[in-house]
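Scroll down for the structure; my scribbles are underneath it.
Read-outs throughout are calculated quantities, based only on the coordinates presented, and are distinct from any laboratory measurement. None of these values were measured; they are calculated from a predicted model. Using ideal geometry, Cβ is built from the backbone for each residue, glycine included, and neighbour counts are taken over all protein chains shown.
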Amino acid sequence: MVRIKDSLQQKLLDNQVHYEREEILWMLDYIGHPDYKIRDELIFVTLARAIQEQL
């Protein structure tokens with residue numbers, strides 16, 4: 001979990017919107033996580049940025 005979480009956090013910092021299958025599956029598994037830092041600050045922001053970049 002830590003490796004993927006760190007990778008996603010780094011991609012947010014670097015404004016990258018390309019995600020590996022493993023990262024996408026991890027986000028789908030943790031999208032309802034009780035920790036708001038994972039759920040709201042990492043997964044929600046990551047998905048929102050990816051969607052915004054594709055529009």
DSSP-assigned coil residues among GluC sites (Glu not before Pro) in the chain, each with at most 14 further Cβ atoms within 10 Å | GLU20
Determine the gain in length on full extension of the stretch GLN16-LEU28; use 0.36 nm per residue of separation and subtract their C-alpha separation, reporting nm with one decimal.
-> 2.5 nm
Dipole size in debye (nearest 20) for the chain around its Cα centre, Lys and Arg Cβ +1, Asp and Glu Cβ -1?
-> 40 debye
Helix 2-13 sits off the longest principal axis of the Cα atoms of the chain, rounded to the nearest 10 on a 0 to 90 degree scale, by 30 degrees
Rounded to a whole number, the Stokes-Einstein D of the chain in µm²/s (Kirkwood radius over Cα pairs; 10 °C; 1.306 mPa s) is 143 µm²/s
